[in-house]
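A short worksheet on the structure shown next.
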Amino acid sequence: MSLDKNLLSKLAVGDKHGEDSPYFDGWKAYDNNPFHPEHNPQGVIQMGLAENQLCSDLIKEWIKANPQASICTAEGIDGFSDIAVFQDYHGLKQFRQAIAAFMEKARGGRVRFEEERVVMSGGATGANETLMFCLADRDDAFLVPTPYYAAFDRDLSWRTGVRIIPVECNSSNNFQVTKQALESAYLNAQETGIKIKGLILANPSNPLGTSLDRETLQTLMDFINDKQIHLVCDEIYAATVFAEPRFISVAEMIQEMDHVNRDLIHIVYSLSKDMGLPGFRVGVVYSYNDSVVTCARRMSSFGLVSSQTQSFLAAMLSDQIFVDNFLKEVSKRVAKRHLIFTEGLKEMGVSCLTSNAGLFVLMDLRQMLKDQTFESEMSLWRIIINKVKINISPGSSFHCSEPGWFRVCFANMDEDTLQIALQRMKHFVLRHRENKKRKSFQENLKLSFSSMTYDEHVRTPTLMSPHSPLVRT
Amino acid sequence: MTRTEPNRSSKSDSENSGGGGGGTTAMRVIVPLQGVVQGRGGLFLGSVIPCAFFYFLQFYLKRNRKNEPDSGEPSPDSDPSSGSPDPTRSQSVGNLTELASLPRSLSRILLSPRLSGGAVSVSGRAGCVIKGGDSPYHVGQKRVEEDPYDESGNPDGVIELGSAHNTKMDWVSEDPGEAISDGLCMSGIASYEPCHGLIELKTAVAGFMSEATKNSVSFDPTQLVLTSGAASAIEILSFCLADSGNAFLVPTPCSPGYDRDVKWRTGVDLIHVPCRSADNFNISMLVLDRAFYQAKKRGVRIRGVIISNPWNPTGTLLSRENLYALLDFARERNIHIISNEVFAGSVHDEGGEFVSMAEVVDTEENVDRERVHIIYDLSKDLSFPGLRTAAIYSFNESVLSASRKLTTLSPVSSPTQHLLISAISSPKFVQRFVKTNRERLMRVYAELVKALKELGIECTRSSGGFFCWVDMRGFMSSYSEKGEIELWNKLLNIGKINVIPGSCCHCIEPGWFRLCFSNLSERDVPVVMNRIRKVCETCKSQN
């Protein structure tokens, strides 16, 4: 006999973890039928996972050339005992120094990071949650510009009880967040008695793949300073910026904007995206607020980075030559991949949001929707998963305000697989277009046999807009 | 009649493991007082008078505490190895070390620091976490970091006898046989792998846990969820089994870490159920029951009871009868049992029998297995706390499912998983390691107890784990928490040894100290004894 579920907490039996959402159907489809070039060429191609496999060869080369960095090799085993027992939540000094140095390099050496402020956490996931625990109490809220990283719902809210207040952005200005939108969201929240403790966003953005320009950053910082609320900047894609505007960290802006209260500024970083080391679970909380550093550091006991990982990374990230080369290669390879993919899509008449960073693009499939609703978006998405056999992420999972946008990841596979994915998309898009033409032609045929008085209002099928009620795809 | 520790959730959030919480202090006055009163007025008056006194004291303290910060100095959080602040660093970094010396009256200011601009509030829970760092537990730790003992390099440094490290087991000398690998050369090692543990690792851990129970239980790897450390494991279970505002019963003395692991972020409270030296600190089911009903009357929902076996800090092993009684209790009250078995592999008493909750649940019918959740920690038995791997073992599929999802927030890294798979999959190595560990602990424990006895100091019989629960009541200037803290200060500053005072473990009787011996070799024992002797002589001359 199974124990009554009432004996468990609401958290345990609830679904705020988000894993029951339809968004995960794509993952399940992939897990059940994963693509493999030889063993399963008809399988589902995973393009829903923002993983960076473009530079793993560089890491592997470094590992081979530096066996002493690992405590498991003959060269490194002497350090095993000391590392194995090290569990100080401050972290290894050389690790913190190496992380601070790497973060500086990823920002072109334009800022200085202090190792005393580097606090570990279990991945960026853990870092975001820890900051919420530090900055907000249950039922307080954070503003988040849409579209935003889907897992924020879990990371920011699940255990903390902190509410997310979306700040709507739309495609008319490429989803850039505006002062108006911020003020409006803030005011609405205040009117309903919700206490806003801060603003959190990813820069570069996931899923947009864009980095914030100077003016927007200034707007944001003036806004939070004016309201005296916190700003949390998740900069985990910092090194993937490959085109203008160059990456500007909030750390750089602080240097210029003296009047902004530094106690409000907090950065989240991780090596999962820039370095392609998600399995290492290295998350960093970097705060300019001493109380937050103290609190986050104590909470890091719940998610310390393994000392083995700290020791390895301290060695690797202190290798200046390796790091300089790596950072150069990352942005070069991401740029190349981005170009191949976006050009490929362009050839088939599919456009993407103009982006300069990240491991993905936001594909514009609004034209392919039956109607401009999220239901249509979900139907189109299911077709892409089940028929086209590509796992991509629908904009609704990112709380996008407009239906028809899909995030597609391009850095977690080799080029051949990418080409196969493009082929499948092409095939689908062209067939879809043909079907549409055929249907609207058929519709026209029906109409032309009906009342003649409407003749002059009937347009040719090729000019038929997707919004026209006469078109049924 | 014995009394139970009242629910401390009604007090301000600033209560912490070592701070002089009014409840514990008051109880330490009541317990001896009760004995006196009972002698005169019989059972009834002997109970009513202390009750009345106690409740009025609580009421008074509660009213007054709302307006005062009642914790001590904030704990410094700067990197201890950095020494004094570098003048070229930013001013606010300098402030990180200055926080250490801020006087008590300024502790409230920390809630809204004014370091470089307007007042900014962090969360209420951050405020509690920051203030909680001033307990003897943290202060002692910091002293050790600043001035660590080293046999040759720093012979006058502070000897760490506080935290549960097992630093004397050396993997390399134990010779795992084949080379251990962290899988760094495998493709996909850096990819996302299940945060709650690869099945190969779970299988290896299940095997290790069986070894620790001398193969009386076979653990099912699919019922394991791995996470980055025991703190995280306990926190995850707290989130799964209780809602904010609920509480767990915890017999005391208990691990100082529960205040952090259970309470900090979950909103769940702990209700301490005191055990007494007269009973050898054994759990009284009567007292447990009373605590349950008192909480219920106050409107606090109890969700479970947390036990540890071997017990932290006393080192006692719970008998089969104890475990059955606890299971019956849990079933009748419809609550969970969290059995913290992190020291299962460190049973050093040859006559002692460690019985895991899993074994009892396995062999008994009519037991609600789904109430039972076990915590295990590879770091304790395998001597590598740095690698951050602990396990939740549960018979409840809903708990396992929720826990797996929660490990995304506190995961075990891929290289560590591969290292562990490679290291502990060899049964011969595991057996040899566990045996060597036990023998070493046994030798050091025996030396230590003998030496303490020569100084006139007794301890409870410890059969497992890394601790000696030492009776130093005779050396206090006054039989009170104040006397205990004074003695602790002497041990730290004169004796230069860091031990954990009983108040951090919520022990109701002052004068007991937790001494961790797993860091010591037999050679270190005389050094420690000399230090203790020095302090004892100082105390005797002062008293």
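The values are calculated or read from the model by the stated rules, or taken from the named source; none is laboratory data. Computed from a predicted model, the values in this text were never measured in an experiment. In this analysis, Cβ positions are derived from the backbone assuming ideal geometry, glycine residues included, and neighbour counts consider all displayed protein chains. Side chains included, ligands, DNA and RNA excluded: accessible areas come from the protein's heavy atoms. Shrake-Rupley method; radii C 1.70, N 1.55, O 1.52, S 1.80 Å.
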(message) For the list (1) surrounded by 21 or more Cβ atoms within 10 Å (Cβ to Cβ); (2) free of Cβ contacts under 8 Å to residues at least 24 places away in the same chain, I need the number of the one condition that B:Asp269 fails.
(response) (2)
(message) Of everything in the range A:73-127, what is open to solvent by 40 Å² or more (accessible area, probe 1.4 Å) and facing chain B (nearest Cβ under 7 Å)? Give them in sequence order.
(response) A:Ile77, A:Phe86, A:Gln87, A:Lys93
(message) Take the conditions open to solvent by 20 Å² or more (accessible area, probe 1.4 Å), more than 11 Å from chain B (Cβ to nearest Cβ) and polar (S, T, N, Q) and apply them to A:Gln68. Does it pass?
(response) yes
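Of the residues B:Ser422, B:Ser398, B:Ser379, only one is open to solvent by 10 Å² or more (accessible area, probe 1.4 Å), facing another protein chain (nearest Cβ under 8 Å) and touching a Pro at 6+ places or on another chain (Cβ under 6 Å); which? Working first, answer last.
Numbers: B:Ser422 fails: touching a Pro at 6+ places or on another chain (Cβ under 6 Å); B:Ser398 fails: touching a Pro at 6+ places or on another chain (Cβ under 6 Å).
Answer to the check: B:Ser379.
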(message) Looking only at helices (runs of 4 or more DSSP H) that lie completely in the range B:372-447, which have at least 1 residues being more than 24 Å from the chain's Cα centre (by Cα)?
(response) B:397-406, B:414-424
(message) Can you list residue pairs whose Cβ atoms sit under 7 Å apart, with the first residue in the range A:42-61 being within 13 Å of chain B (Cβ to nearest Cβ) and over 18 Å from A:Asn325 (Cβ atoms) and the second being assigned to a strand (DSSP E or B) and among the aromatic types (Phe, Trp, Tyr)? Count only pairs 6 or more apart in sequence or on different chains.
(response) A:Ala50/A:Phe360
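How many of the residues making up the range B:246-255 are assigned to a loop (DSSP other than H, G, I, E, B) and open to solvent by less than 10 Å² (accessible area, probe 1.4 Å)?
Going through the range B:246-255 one residue at a time, the tally reaches 2.
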(request) Would you mention how many residues in the range B:327-358 are out of contact with any Phe, Trp or Tyr (no Cβ under 9 Å at 6 or more places or on another chain) and modelled with pLDDT under 90? (result) 4
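Go through the range A:291-323 and give me each residue that's over 25 Å from B:Pro194 (Cβ atoms), at the interface with chain B (Cβ under 7 Å from one of its Cβ atoms) and crowded, with 24+ Cβ neighbours inside 10 Å.
A:Ser291, A:Val292, A:Val293, A:Thr294, A:Cys295, A:Arg297 - these are the residues of the range A:291-323 that are over 25 Å from B:Pro194 (Cβ atoms), at the interface with chain B (Cβ under 7 Å from one of its Cβ atoms) and crowded, with 24+ Cβ neighbours inside 10 Å.
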(message) If I ask for residues that are open to solvent by 10 Å² or more (accessible area, probe 1.4 Å), among the aliphatic types (A, V, I, L, M) and in contact with a strand residue (DSSP E or B) (Cβ under 8 Å, 6 or more places away or on another chain), which ones from the range B:484-537 would you list?
(response) B:Ile485, B:Val527
(request) Check off (1) hydrophobic (A, V, I, L, M, F, W, C); (2) open to solvent by 10 Å² or more (accessible area, probe 1.4 Å); (3) at pLDDT below 90 for B:Ala446 and give me the number that stays unchecked. (result) (3)
(message) Looking at the range B:208-220, can you tell me whether even one residue there is more than 20 Å from B:Leu317 (Cα to Cα) and open to solvent by less than 10 Å² (accessible area, probe 1.4 Å)?
(response) no
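Which is touching a Leu at 6+ places or on another chain (Cβ under 8 Å) and modelled with pLDDT of 95 or more, of A:Leu470, A:Leu447, A:Leu365? Working first, answer last.
On the way: A:Leu470 fails: modelled with pLDDT of 95 or more; A:Leu447 fails: modelled with pLDDT of 95 or more.
One residue alone meets the criteria, A:Leu365.
Could you please find all residues in the range A:32-49 being crowded, with 17+ Cβ neighbours inside 10 Å and either among the aromatic types (Phe, Trp, Tyr) or at pLDDT 90 or above (or both)? Steps first, answer last, please.
Residues of the range A:32-49 that are crowded, with 17+ Cβ neighbours inside 10 Å, as a first pass: A:35, A:44-49.
Correct list: A:Phe35, A:Val44, A:Ile45, A:Gln46, A:Met47, A:Gly48.
Return yes when B:Glu321 is in contact (Cβ under 8 Å) with a residue 12 or more places away in the chain and either away from chain A (no Cβ under 14 Å) or open to solvent by less than 10 Å² (accessible area, probe 1.4 Å) (or both) and no when it is not. It would help to see each step written out before you state the result.
Details: in contact (Cβ under 8 Å) with a residue 12 or more places away in the chain: no; either away from chain A (no Cβ under 14 Å) or open to solvent by less than 10 Å² (accessible area, probe 1.4 Å) (or both): yes.
No, not satisfied.
Identify all residues within the range A:192-226 that are closer than 18 Å to A:Arg163 by Cα and either open to solvent by 10 Å² or more (accessible area, probe 1.4 Å) or of a type in the set (A, V, I, L, M, F, W, C) (or both); write none if there are none.
From the range A:192-226, those closer than 18 Å to A:Arg163 by Cα are A:192-202, A:224; that's our starting set.
Within the range A:192-226, A:Thr192, A:Gly193, A:Ile194, A:Lys195, A:Ile196, A:Lys197, A:Leu199, A:Ile200, A:Leu201, A:Ala202, A:Ile224 qualify.
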(request) Under 6 Å between Cβ atoms, at least 6 apart or on separate chains: pull out the pairs that start in the range A:403-432 with a residue that is among the polar types (S, T, N, Q) and end on any residue that is open to solvent by less than 20 Å² (accessible area, probe 1.4 Å). (result) A:Asn412/A:Glu51
(request) Quick one: count up the residues across the range B:401-419 that are facing another protein chain (nearest Cβ under 7 Å) and in contact with a helix residue (DSSP H, G or I) (Cβ under 7 Å, 6 or more places away or on another chain). (result) 10
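Looking only at the range B:489-543, filter to residues that are of a type in the set (Asp, Glu) and in a helix (DSSP H, G or I); which one of those is nearest to the chain's Cα centre (by Cα)?
In the first step, residues of the range B:489-543 are kept if they are of a type in the set (Asp, Glu); the result is B:509, B:522, B:524, B:537.
Remaining after also requiring in a helix (DSSP H, G or I): B:524, B:537.
Working: B:Asp524: 24, B:Glu537: 30 Å.
By that ranking, first place goes to B:Asp524.
Restricting the range B:360-376 to residues that are touching a residue at least 12 places away in the same chain (Cβ under 8 Å) and either facing another protein chain (nearest Cβ under 9 Å) or charged (D, E, K, R) (or both), which is surrounded by the most Cβ atoms within 10 Å (Cβ to Cβ)?
Taking the range B:360-376 and keeping what is touching a residue at least 12 places away in the same chain (Cβ under 8 Å), we get B:360-362, B:364, B:367-376.
Retained after the next criterion (residues that are either facing another protein chain (nearest Cβ under 9 Å) or charged (D, E, K, R) (or both)): B:362, B:364, B:368-371.
Values: B:Asp362: 15, B:Glu364: 13, B:Asp368: 19, B:Arg369: 16, B:Glu370: 20, B:Arg371: 25.
By that ranking, first place goes to B:Arg371.
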(request) Test A:Gly18 against the criterion of being at pLDDT 80 or above, closer than 29 Å to A:Asp155 by Cβ, open to solvent by less than 60 Å² (accessible area, probe 1.4 Å) and of a type outside the set (A, V, I, L, M, F, W, C), and give yes or no. (result) no
